[in-house]
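Readers should treat all values here as calculations from the given coordinates under stated rules, not as data from a laboratory. Quick caveat: nothing in here was measured; it's all calculated off a predicted structure. All Cβ positions, even for glycine, are placed from backbone atoms using ideal geometry, and neighbour counts span all protein chains on display.
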Amino acid sequence: MKIILLEDVKGQGKKDDIIDVSDGYGKNYLIKNKLGVLYTKGSKKVLDNEIKDRLDKEAALISELNKIKEKLENKNITFKVNTGAQDKVFGNISSKQICESIKKMGFNIDKKCIKIDGNIDSLGVHKVLIELHKKVKFYINVILDK
């Protein structure tokens with residue numbers, strides 16, 4: 001019996017996979033628990049349409065995110081910080097602070113998209129990775145100044 005999986009099933013396959021299973025397992029477990037549907041020409045056509053729609057939506061999303069990338073890539077965000085002896089910065093700059101600065105520029109980016117390597121706790125320029133999507137990544141410059 002051929003089944004199209006509607007969800008990931010451990011040991012069987014991922015969502016949208018077409019798998020061969022025994023009749024009892026297919027009817028009594030996968031179909032009954034709505035983890036899969038019987039493979040037919042009609043269900044295959046529905047699956048193909050869903051996959052095409054998903055790819056189209058992802059392409060549109062990536063296009064929108066690339067527009068944001070073009071506007072923000074290699075931009076400078078400057079923070080005025082207090083320093084102590086030998087120009088040691090009190091505290092450090094967090095992704096939340098960077099996110100708030102980007103929002104002031106007119107872009108709504110989730111702070112989870114901001115990837116900071118180590119601490120931003122010294123004067124100067126720091127490159128910070130912004131990952132809006134696995135296919136849309138870029139760097140901004142975070143500058144700490146007195």
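Here Cα Rg over 2.2 N^0.38 Å was computed from the coordinates, and among (i) 0.94; (ii) 1.65; (iii) 1.33 the match is (ii).
Arranged from fewest to most other beta-carbon atoms within 10 Å of their beta carbon, Phe138, Phe79, Phe90 become Phe90, Phe79, Phe138. The separation of the range 110-134 from the range 81-102, counted between C-alpha centres, amounts to 13 Å. Against the main long axis of the alpha-carbon atoms of the chain, helix 41-72 sits at an angle near 10°.
What is the helix-to-structure angle for 95-104, meaning the angle in degrees between its Cα long axis and the longest Cα principal axis of the chain, kept from 0 to 90 and rounded to the nearest 10? Helix 95-104 and the main axis of the chain meet at about 80 degrees. For the chain, leaving out every one of the GluC sites (Glu not before Pro) that falls in a DSSP loop and has at most 15 other Cβ atoms within 10 Å, the longest unbroken run is 74-146.
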